1. Looking only at the chain, where both bridge partners belong to it, what percent of the DSSP beta bridges are antiparallel (to the nearest 5)?
2. Need the full-extension length gain, Asp7 to Arg67, defined as separation in residues times 0.36 nm minus the C-alpha distance. One decimal, nm.
3. Taking +1 at the Cβ of each Lys and Arg and -1 at the Cβ of each Asp and Glu, which of Ser66, Leu77, Gly30 sits farthest along the dipole of the range 11-80 towards its positive end, judged by Cα position relative to the Cα centre?
4. Please work out the average accessible area per residue across the range 146-277, using the 1.4 Å probe convention, and give it in Å².
5. What is the gain in length, in nm to one decimal, between Ala130 and Asp318 on full extension, counting 0.36 nm per residue of separation less the C-alpha to C-alpha distance?
6. Which semi-axes, in whole Å and largest first, does the equivalent ellipsoid of the range 115-188 have when worked out from the alpha carbon gyration tensor as the square roots of 5 times its eigenvalues?
7. Quote the relative contact order of the chain in percent (integer), defining contacts as alpha-carbon pairs under 8 Å separated by 6+ residues.
8. Which cross-chain or sequence-distant (5 or more) residues have an amide H under 5 Å from the amide H of Gly315, H modelled 1.01 Å from N in plane?
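The values are calculated or read from the model by the stated rules, or taken from the named source; none is laboratory data. Since the model is a prediction, treat every value here as computed from it, not as a measurement. Neighbour counts are summed over all protein chains in view; Cβ atoms, including those assigned to glycine, are modelled from backbone coordinates with ideal geometry. For accessibility, only protein heavy atoms count, side chains too; no ligands or nucleic acids. Shrake-Rupley method; radii C 1.70, N 1.55, O 1.52, S 1.80 Å.
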Amino acid sequence: MWKIFGDDPKRARSLADEGGSSQQILDSTGCVVAVRNVSFTVRRGEIFVVMGLSGSGKSTLIRCLSRLIEPTHGEVLIDGDPIGNLDTDALRELRRHRMSMVFQHFGLFPHRRVLDNVAFGLEVRGMPKAERYERAFSVLESVGLEAWSDHHPQQLSGGMQQRVGLARALCVEPEILFFDEPFSALDPLIRRDMQDELLSLQAQMHRTLVFITHDFQEALKLGDRIAIMKDGLFMQLGTPEEIVFAPADDYVREFTKDAPKIKVVTVRTVLGRLGRPDEVHHSVSADTVLEEVLPLLLSGSEPVGVVDGTGKLIGQVDRRAVSQLVGG
């Protein structure tokens, strides 16, 4: 996929293919290459995070995915079906039934009650009032706002308004949810609560999420996989563990140097050979992050056994291995 803003996209793309920088292309053509030859697949049910600084192209990318803007070149496929050739009616149906978007600015209707805001997508579908209210209230319960259903948005705090925006997106039961920096305007504590709320909801609903952020810590917390974007390009795409443990270049390494390794690195990375099985009194999955193992290690219950997907003991981990990793 490419997205080039300007009057001469063909020449701009040619210069980009020759290795021209964004600034060189802008100076030569007056065009901005916002997304540059990006290809990737988002797996069903995962949280795919695109992380980048301001101007990296991440918000343009998500707008291309949802066809809020049209790519200059390339295509978006959902379950293998291209959506670029959908007419207005078909695209409207796609957005009504299969995808929703949550923005940084909540976009709530100030003259409508919270319940009516949440039920709006169902109202557009033509669902009867009683049925849509029942579903909307149920979703409000899931985000802890059922007591505020008869209030108006301006009576709610910023964090509560963002929960209403999230509830509205969830109410139509979409397969795909797009998030464009939805928590960046919130206070740090509220932001952390919203991240926890999203993870809790995702554990229940298993939707496919594409989440845009400029915050690397947020990306690590939320992402099953993370793409780090710069100047319209993906600099690295991988799991949080892969990115923290093996950054692809200096640009990515700069983000990872202060990353909390114990929150993203799994015991698989520090797996030691299996000693005497009778020494192991506790065991964890190889995909368990180190942070969850530390209480066992610090309580003196070491070594901790590590098991594979079948429950077979495949190794062990101890405090020395963890301290070496964290210290490194």
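1. Values: 17 of 40 bridges.
Expressed as a percentage, antiparallel bridges in the chain total about 45.
2. 19.6 nm
3. About the Cα centre, the residue reaching furthest to the positive side is Ser66.
4. Numbers: 5850 Å² over 132 residues.
Per residue, the range 146-277 has 44 Å² of solvent-accessible surface.
5. 61.9 nm
6. Details: eigenvalues 86, 47, 18 Å².
Semi-axes from the Cα gyration tensor: 21, 15, 9 Å.
7. Once normalised by length, the contact order is 18 percent.
8. Counting only residues 5 or more places away or on other chains, the set is Val306.
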